[in-house]
Amino acid sequence: MTLIELKKSIHKKVDELDDPELLELVNSVLRKKDDVFIIPEHMKAGIKEGEEDIKNGDYITLEEFEKRYEQWLKD
């Protein structure tokens, strides 16, 4: 199915819908596509710090975390 065919098919289905809840759901999905997540300023410093930690090798693997977590649960 080409893009044009897909658009026509979706448009036809939307035109035939009589369920307001379903139309609201479709509208919501289409609106969310345009939403852009903007990182708040107060979070950027923590992200930058995390990136630096990774560059410097200051992190643990998931496996190491799981070992530590299991030990923490036992203590």
Where does the chain land on the Kirkwood hydrodynamic radius, alpha-carbon pairs, in angstrom?
17.8
Expressed as a whole number of Å, what is the distance separating the alpha-carbon centroids of segment 1-36 and segment 43-59?
40
Magnitude of the Cβ-charge dipole of the chain, K/R +1 and D/E -1, about the Cα centre, nearest 20 debye?
340
What are the ³J(HN,Hα) values, in whole Hz, obtained from phi via the Karplus relation 6.51 cos²θ - 1.76 cosθ + 1.60 with θ = phi - 60°, for each residue of segment 58-75 in sequence order, with x given for Gly and Pro?
8, 7, 10, 7, 4, 4, 5, 4, 4, 4, 5, 5, 4, 5, 4, 5, 6, 6
With point charges of +1 on the Cβ of Lys and Arg and -1 on the Cβ of Asp and Glu, referenced to the Cα centre of the chain, which listed residue (36, 56, 72) lies farthest in the positive direction of the dipole?
36
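Values in this text are rule-based calculations from the coordinates and carry no lab data. The shown structure was predicted, so the numbers you read here are calculated from the model rather than taken from an experiment. Virtual Cβ from ideal backbone geometry, glycine too; neighbours counted across all protein chains shown.
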